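Written out below as structure tokens is the structure these notes cover.
Rule-based calculations on the coordinates, nothing more; no lab input. Note that the coordinates shown come from a computational prediction; the quantities given were computed from them, not determined experimentally. Neighbour counts are summed over all protein chains in view; Cβ atoms, including those assigned to glycine, are modelled from backbone coordinates with ideal geometry.
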């Protein structure tokens, strides 16, 4: 089994074309998220002279939601909404606390 077949099996998809579309959506989403970040940073006046302890939290607060929204937007445009909504559900389920464990 080659890498492409493993990806298709893991993601529950059938065609190589769908894998290609999904990779394109991930690429476009990453680039778009950076444009959104730059727009917001310019809007609120963040530049290279801004202290890093301001920039890092703002970067996280900007990129994370922007990326998730753009992923669904681009996924929908490319006809892969179902894949990306399930991908996000799986991703966010990893952050939930398991009620069966005790600390």
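Some values worked out for this structure:
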{"quantity": "Normalised contact order of segment 24-86, rounded percent, pairs of Cα under 8 Å and 6 or more residues apart", "calculated": "46"}
{"quantity": "Residue order, fewest to most surrounding Cβ atoms within 10 angstrom, among 25, 36", "calculated": "36, 25"}
{"quantity": "Compactness of the chain as Cα Rg over 2.2 N^0.38 Å, two decimals", "calculated": "1.36"}
{"quantity": "Between 0 and 90°, nearest 10: helix 81-93 axis offset from the chain longest Cα axis", "calculated": "70"}
{"quantity": "Distance between modelled label sites at residue 18 and residue 68, nm, 7 Å Cα→Cβ extension", "calculated": "2.5"}
{"quantity": "Acute angle (nearest 10 degrees) that the helix 16-44 long axis makes with the longest principal axis of the chain, alpha-carbon atoms", "calculated": "10"}
